[in-house]
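Okay, structure first, notes after.
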Amino acid sequence: REVAEESVFRDLLEILTSASCAIEQSCRDSCGLAEVDTCLLLVAECFRCLRNACVQCARNQHLLRNLGLISTSVHLIKLLHGMQVKEELLLPALRCSLQFLGNIAAGNGDSQNSLWKCAFPDLFLTCLPYSDRRVVAYCCMVLFTCLDPGKVGELLHPGNLAVALHVLRVYREQLESEWSLLIVTDHLLQCPELVKALYAKLSNQERVTLLELMLVKVSEKSSVGSEELEVLESHATFLAGCFQEQCGAVLRFAAAPQAQDQEALVTVRLLDVLCELTSSSGQLDRLQALPGLLEAAVDTLRLTHLAGKQAVNVFTATHAVTGQEEVSHPAVGFKSHLIRLIGNLCYKNKENQDKVYELDGIPLILDNCSIDDNNPFVNQWAVFAIRNVTEQNERNQELIAGLEEQGLAEGSALGSMGLEMDKREGRLILRSARKKP
């Protein structure tokens, strides 16, 4: 293929141009099906040839682009989409044409830019919602191949946001679609403004999907550069605001044994992402300084704790699993994660430590430290939170000591957490309890 004559490609271009005219004519005049069928077979074979000619061959990519085959192909795809014929005839031509566009653009910036000018956004709005999974997958391949930071920004323009929405919906409906996943993780999530615009347009189910993908992204332990750190900080600020607005929705799970409330599930996923973001020093300072996030976490912990005491539900502490519904309930671990978030926000932060004191959050954390099958590792997160809340904070240490003397932080609290208060030179120190022989 690397020594193919230009005349061969000119012949293919002429065939495809003639095919376009024939298809347009058939749509106007309702030509005989036999002629259309033959035309579609010919189109598919031409695109197979062109598709194969472009594989890792920059010379052919440039040659075909300069001949105008990109614009011809995009025009033909739009015609194919509007045809009322049998799918077994239409699909091979449609699939091969998209594969050709993906191959001519792969690793070739000039072809990517040319294709983008011809195809965006109409081609993607046409093919992404298509009923055939392979057509959708090849369309995602073309989109991923063309995208770069500048082009991602164009998705924010009025009317273009629908392309990003379709990509996310493709991922939800076709979880095996690798290209749609790569578009979201490698491109869409790198643009905070696009994420905000998307989030506002998504259903709650789609928001859960987006948040789960963000959770995977922020959980990656690889080092991040300054640009990616700025992106994560922007995500953190936005998601913290979302959590503060709808954290109360999680209380619906108290009366939802089947866990079908999608808005409540969004709250759970928001908390999951915030826990990961505050576990990294890169985003911690920004989130610690946000007004209202710590208060929202403490207030939500108080409300869920109270809900679990008022009636038996997923927020009720239990020492024995009573049913499969509780095991699979999305709110399992929610209180543990709230305590984890509170602990993270108080890490070496005197202002937030004092805020927890003022919100009566310390007794609340201590009251949530017993073994609870609905909140795995809650004991460990409570230890972590109490340490961070009391570190170099004498007032908070004295409060815990006073609670212990009153019997409110007895063995069921500090002791069960493996902690004890020790007085040294008139100062209170929270430390691990001594192991008795």
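The values are calculated or read from the model by the stated rules, or taken from the named source; none is laboratory data. The structure displayed is predicted, hence computed values, not measured ones. Cβ atoms come from the backbone with ideal geometry, glycine included; neighbour counts cover every protein chain shown. Note: accessible area is taken over every heavy atom of the protein model, side chains too, but ligands, DNA and RNA are not part of it. Shrake-Rupley method; radii C 1.70, N 1.55, O 1.52, S 1.80 Å.
General observations
- Once the chain from Asp11 to Ser219 is taken as fully extended at 0.36 nm per residue, the excess over their C-alpha distance is 69.7 nm.
- Pairwise Cα inverse-distance average, inverted: Kirkwood Rh of the chain (Å): 25.4 Å
- Nearest 10 degrees, 0 to 90: helix 394-406 Cα axis against the chain principal axis: 60 degrees
- The chain: angle of helix 192-201 to the longest principal axis, Cα-based, in degrees nearest 10: 90 degrees
- Residue range of the chain that is longest and free of trypsin sites (Lys or Arg not before Pro) which are both DSSP loop and sparsely packed (at most 16 other C-beta within 10 Å): 87-220
- Region 241-288: translational diffusion in µm²/s, Stokes-Einstein, Kirkwood Rh over Cα pairs, 4 °C, 1.567 mPa s: 112 µm²/s
- The chain: relative contact order as a whole-number percent, Cα under 8 Å and 6+ apart: 8 percent
- Every helix of 4 or more DSSP H residues in the chain counts as -39500 (n - 2.57), and over all residues that averages to -21000 deg cm²/dmol at 222 nm.
- Counting only protein heavy atoms and a probe of 1.4 Å, the accessible surface of the chain is 51% carbon and sulfur.
- Other residues lying with their Cβ under 14 Å from the Cβ of Asp272 contribute a combined charge of +3, Lys and Arg counting +1, Asp and Glu -1.
- Tensor-based shape of region 33-182 (alpha-carbon gyration tensor, a/c under 1.5 rounded, otherwise prolate or oblate): oblate
- Restriction of the GluC sites (Glu not before Pro) in region 87-179 to DSSP coil positions whose beta-carbon has at most 10 other beta-carbons within 10 angstrom yields Glu176.
- Its alpha carbons give region 149-236 an Rg and a Dmax of 12.5, 36 Å.
- On Cα atoms only, tilt of 293-310 relative to the major axis of the chain in degrees: 70 degrees
- The chain - accessible surface per residue (Å², probe 1.4 Å): 47 Å²
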